[in-house]
Every structure is written in structure tokens, then in C-alpha cells.
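Colleague: The structure that follows is given in the form of C-alpha cells.
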Amino acid sequence: MNRIANRTPLQRPEDKAAGIEVTEDFERFSQRNDVFSRAMWDDRVRTTRSDAFFASYRMEATPRRGDGFSQRDFALRNAAWLISDMVSERSASEGRREGFQSPITVDTPVAPVKAEIDDTTRMTAEIKKVARFFGADLCGVTDMDERWLYTGRVDTRDMTEVPLGLPEGLSSVIVLGHEMEHELVATYPSALAGAATGREYSHEAAIVMQLAAYIRNLGYEAIPSMNDTGLVIPYAVKAGLGEYARNQMVITPEFGPRLRFSKIFTNLPLSHDVPRPLGVRAFCDICTRCADACPVKALPYGPPSTDVPNLSAIRGVRKWTSDAEKCFGFWAKLATDCAICMRVCPFNRDFSKLRDKIWMKLALSPLRKLALRLSRGHGARLKPSDWWG
Ligand code: SF4
Ligand code: SF4
């Protein structure tokens, strides 16, 4: 059992505002059960198709004919992933896939002299400014809530679980958001669209490494992290960046669901943001566009529940939970990632435009049914060849 020790109450006072409901049978999630890890050790997930899915990221799988799945589409997608791949593969011989199944290895020592910090609010504002300087689109800070840490990391040499290896005394999680390109996301499903994902992973790898280096230069611990070490979604929600939705994504006022998140674990003294309930939950209660559009019906209908379809889902949290096996099975079939459920979401808009800002206000108000009606036909697929122009 991976229960948190009794000293840590399962439900916390701030959970209500974050829309988090943890039940008695809560267990921390083992990263070994993440569907991408299972594709390496579990024959229920590992198939010839899933092997070809991973091979396609090395240009080994033959690109299929068809708009969005040609050699140039795979070529762009894989080029977009390059920096992230370089980071994730540099410690492969030690069983660490950095940024995915292991925290990113720090490249700089912690400075021997600590910068004096007498105002945590100012320090937090400074960190957010530095995060923006390095290229993050959103930044929030929350506490080191250990419920969302994985029980361990995966040693990729034999896919066993080993300790996370985080230093003692970490007190905060800095969560960063990275916007995905609107037009590319409109081309999902396609190998071309995967370039939107890859580009942000490459961006976020550089940004978390640089921001962590800045903090370490100030004399404090900072561990850069992408998908590894803990579940980023609850940290993003607690850090006030957005609200959890039926499509398993965090919907933000700035970019809707169209972004990726990364994080840094640190002991730098910082003040913490608070969750911002926006009204997304009420909208998702009347909307099923993502679930309807999912080709393999991997997304749930009805209200949030504690049901888990298989071992690739955390137990003891009442929420909308996808069937990750079905979802990944579709990715493997495509030989690329899918985010149809991001594309069709009515919140996937360009909020720099006034009409989309007005729509958002309507959607988060009691007039949400009208907003849903107004978004009929929203999120139509852009032909990948039209993106290339
Ligand atoms: S990513 Fe694609 S397959 Fe997975 S839940 Fe979303 S729409 Fe379904
Ligand atoms: S498509 Fe509708 S139900 Fe799905 S996440 Fe977006 S708003 Fe919520």
C-alpha cells in the first residue's frame, strides 16, 4: 500500500477551492503504472503497434501516405522533440529517462552562499518574472503536497521502481505553463500536430533547467521536472493556473486547454498561490464534446467519480478519469499523439481576440448553455496541408 502516513491528512482545507476530493482508499500513484511505462513492461499495453509508435520518433517507422502523415510531417514532429530527446536520453545508461521517468539531472551546484530573502512575496514575483524571461507562458507556485508525488521513479534498464531521490526539505512547487501553437493543434489527429507537443517539451526542458539553475545560483535547491516525479495537474490547479476538466486537462483563462505544464521542486522561500475556481466544472457538467469526439471512447460521461478503468489511473480521487489504455492504443495505431479532445474543446480559443474573451465570460457565467450553443461546430479540423500552406 502506498498510503500517505497518518501525519498527512488525506483531504486538505485548500482542496475544496481546487475541486480536489480525495477519498479513504487514496493511494499515491506509481509511475511504473503510467501507460507509457507500461508500454515498456506490460504485455497488455506493449504491442507491435506501440513499439512502432516509439520507433516512429526515431524516423524508423515508415511514414504513411495521407495528409498529415507524410515524411515531412514526421520529420517536423521529431525535429520539434529534439532538445527534449537530448535531455531525456543523456542518462539512459544509468536507467534514468530524464524529464519523463526521472527528474532532470541538475547541471549546476547549489551556490555555497544563500541569497537573503526577507520578503517571500517579492521573491515569488521575481521568480515569475524570471520564468517569463526564460520563455514560460504561465507561472504559479504551490506547496510541496506529497500526495501527488509518485511512489518512486522508474529505472528504465529493468523497469523496476526505485526511490525518487529528491533532496530533503523541499517546500514549494513552481508550475510553468507552455502554450501550444493554435493552428498546429487544429490539425489533430496528425503527425504534424505532434510538432506542437514536441516543441513545447523542448521549450520546457530548457526553461525548467535554466530557472532551476537560477535558483541554485541563489543558494537553494531546485529540481527541474517535466512529466516525471509527480502528477503536474493537481499542482497546476493548486497553483491557481486553471481548473480541471473532463478532457483530463487544466483549462486556463489564457489558453484554454492548449498548453503543457512543467515544474520545479525547490526549498527557495516562496509565497503560495491559491486555486482559482473559474466555473469550468459547471461547463463540463453540461458539455460532452471531448467525450463524443474521442474515437475510442476513452473519456468519461457523467459526473466525476472514483471509478478507475485500469491500473494506469490514480486511486481514491473523485474526478473525471480517462481510460489510458484505450487512449494510448489509439496513439499507437496513429504512430503519433492524439489531442482531438483538446482541439474540439470549446475553451480551445485565441483569447487575445475580443470575441473569444466575451465567449469565455459567457461560458463561465450562468449563461453557459448559451455559450455551449454558440460554440456548435467549434474546433473543426484544419487540413494539415493547409497548415503547410
Ligand atoms: S487523446 Fe485522443 S484518444 Fe486520447 S482521450 Fe483524447 S481524443 Fe481520446
Ligand atoms: S469539451 Fe466540453 S466537457 Fe470536454 S473539457 Fe472541454 S468544456 Fe469540458
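Colleague: Residue 307 label point, 7 Å along Cα→Cβ, cut-off 11 Å on backbone N: hits in segment 15-38?
Modeller: Once the point is set 7 Å along Cα→Cβ of residue 307, nothing inside segment 15-38 turns out to lie under 11 Å by backbone N.
Colleague: Grab the beta carbon distance between residue 115 and residue 293, set R0 = 56 Å, and tell me the FRET efficiency rounded to 0.05.
Modeller: Taking R0 as 56 Å, the efficiency between residue 115 and residue 293 is 0.70.
Colleague: Moving to a separate point now. Kindly report the accessible area of segment 201-311 per residue (heavy atoms of protein chains, probe 1.4 Å, no ligands, DNA or RNA), in Å².
Modeller: Using a 1.4 Å probe on heavy atoms only, each residue of segment 201-311 averages 30 Å².
Colleague: Run the simple label-point estimate for residue 133 and residue 285 please: 7 Å along Cα→C-beta, distance reported in nm.
Modeller: Inter-label distance under the simple model: 4.4 nm.
Colleague: So how exposed is residue 123, as accessible area in Å² (1.4 Å probe, rounded to 10)?
Modeller: Residue 123 has an accessible surface of roughly 20 Å² with all protein chains in place.
Colleague: A further question on this structure: Could you give the distance between the Cα centres of segment 187-251 and segment 274-343, to the whole Å?
Modeller: 19 Å
Colleague: Can I ask one more? At 1.4 Å probe size, what's the solvent-accessible area of residue 110? Round to the nearest 10 Å².
Modeller: The value for residue 110 is about 50 Å².
Colleague: Let me ask something additional. Just for segment 27-276, what percent of DSSP beta bridges are antiparallel, to the closest 5?
Modeller: Among the beta bridges of segment 27-276, antiparallel pairing accounts for roughly 95 percent.
Colleague: Defining a contact as two alpha carbons under 8 Å apart and six or more residues distant in sequence, what relative contact order in percent does segment 27-276 show?
Modeller: 27 percent
Colleague: Take the Cβ-Cβ distance between residue 217 and residue 86 as r, set R0 to 35 Å, and report the resulting FRET efficiency rounded to the nearest 0.05.
Modeller: It comes to 0.95.
Colleague: Moving to a separate point now. For segment 27-276, what's the radius of gyration and Dmax over Cα atoms, in angstrom?
Modeller: Cα-based Rg and Dmax for segment 27-276 come out at 18.3, 60 Å.
Colleague: Also: Show 274, 175 ordered by accessible area, largest first, where the area counts protein heavy atoms only and the probe is 1.4 Å.
Modeller: 274, 175
Colleague: Report residue 362's accessible area, 1.4 Å probe, all protein chains in place, as a number in Å² to the nearest 10.
Modeller: Roughly 40 Å² of residue 362 is accessible to a 1.4 Å probe.
Colleague: Continuing with this model, one more query. Ignoring ligands, DNA and RNA, please state the percent of accessible area on segment 27-276 from carbon and sulfur, probe 1.4 Å.
Modeller: Roughly 53 percent, rounded to a whole number.
Colleague: Could you compute the FRET efficiency for residue 21 and residue 65, with r as their C-beta to C-beta distance and R0 at 56 Å, rounded to 0.05?
Modeller: 0.75
The values are calculated or read from the model by the stated rules, or taken from the named source; none is laboratory data. No experiment lies behind these values; they were computed from the predicted model shown. Neighbour counts run over all protein chains shown; Cβ positions are idealised from the backbone, glycine included. Areas reflect the complete protein model, heavy atoms only, side chains present, ligands, DNA and RNA absent. Shrake-Rupley method; radii C 1.70, N 1.55, O 1.52, S 1.80 Å.
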